[in-house]
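Written out below as structure tokens is the structure these notes cover.
The values are calculated or read from the model by the stated rules, or taken from the named source; none is laboratory data. Nothing here was measured: the structure is a model prediction, and the numbers come from that model. When we count neighbours, we look across all protein chains shown, and the Cβ atoms used for this are built from the backbone with ideal geometry, even at glycine. The protein model used for the area step is the full one, side chains on, heavy atoms only, and it has no ligands, DNA or RNA in it. Shrake-Rupley method; radii C 1.70, N 1.55, O 1.52, S 1.80 Å.
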Amino acid sequence: MLCGQYPEQSNRNHHEDERRKEKWREREEKEVEVEEKLEEEEEKEEQCPRERFVSKPLMDTLWAMFKLNKCPTRRDSQSLAFEFNMTVEQINQWFHKRRKSYNEDMYKQKYKKRSKR
């Protein structure tokens, strides 16, 4: 059979592809927005620092690791804990809190887009 023999099928596939592309773009936009929000939080912390229990190099390293991987491996957690003289539990707790706020932000953005429709 020729490709142009059933044009309604090719249109249907084209529309499905367009929908998939649109969903992909929306996901990328959400991730970019959340990353921008995380960067804004970092800037706020720099502008008006609260009483810190950890050093700035540690925070920079943790944020960089979080942007690369939301859930570090045991080896990563152990190396960070050793490098900054902390416990593995403290490192894991920090990542857990950041994942929680990240997921809450993603949910809020998803909910906002649904309510606009």
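Only a single criterion out of (1) closer than 26 Å to Val32 by Cβ; (2) open to solvent by 100 Å² or more (accessible area, probe 1.4 Å) is not satisfied by Gln109, namely (2).
Under 7 Å by Cβ, and 6 or more places apart or on different chains, what pairs join a residue from the stretch 71-100 that is closer than 20 Å to Lys56 by Cβ and in contact (Cβ under 8 Å) with a residue 24 or more places away in the chain with one that is part of a helix (DSSP H, G or I) and of a type in the set (Val, Ile, Thr)? Correct list of pairs: empty, since none qualify. Can you find even one residue in the stretch 75-85 that is open to solvent by 40 Å² or more (accessible area, probe 1.4 Å), outside any helix (DSSP H, G or I) and not hydroxyl-bearing (Ser, Thr, Tyr)? Looking for residues that are open to solvent by 40 Å² or more (accessible area, probe 1.4 Å), outside any helix (DSSP H, G or I) and not hydroxyl-bearing (Ser, Thr, Tyr), one finds at least one in the stretch 75-85, hence yes.
Regarding the stretch 51-61, can at least one residue be identified that is within 11 Å of the chain's Cα centre (by Cα) and modelled with pLDDT of 80 or more?
No, because not a single residue in the stretch 51-61 is within 11 Å of the chain's Cα centre (by Cα) and modelled with pLDDT of 80 or more.
So for the stretch 63-73 (the condition being open to solvent by less than 40 Å² (accessible area, probe 1.4 Å) and in contact with a Ser or Thr (Cβ under 6 Å, 6 or more places away or on another chain)), does at least one residue qualify? Looking through the stretch 63-73, none of the residues is open to solvent by less than 40 Å² (accessible area, probe 1.4 Å) and in contact with a Ser or Thr (Cβ under 6 Å, 6 or more places away or on another chain).
Within the stretch 86-103, the presence of a residue that is at pLDDT below 90, out of contact with any Ser or Thr (no Cβ under 6 Å at 6 or more places or on another chain) and basic (Lys, Arg) is excluded.
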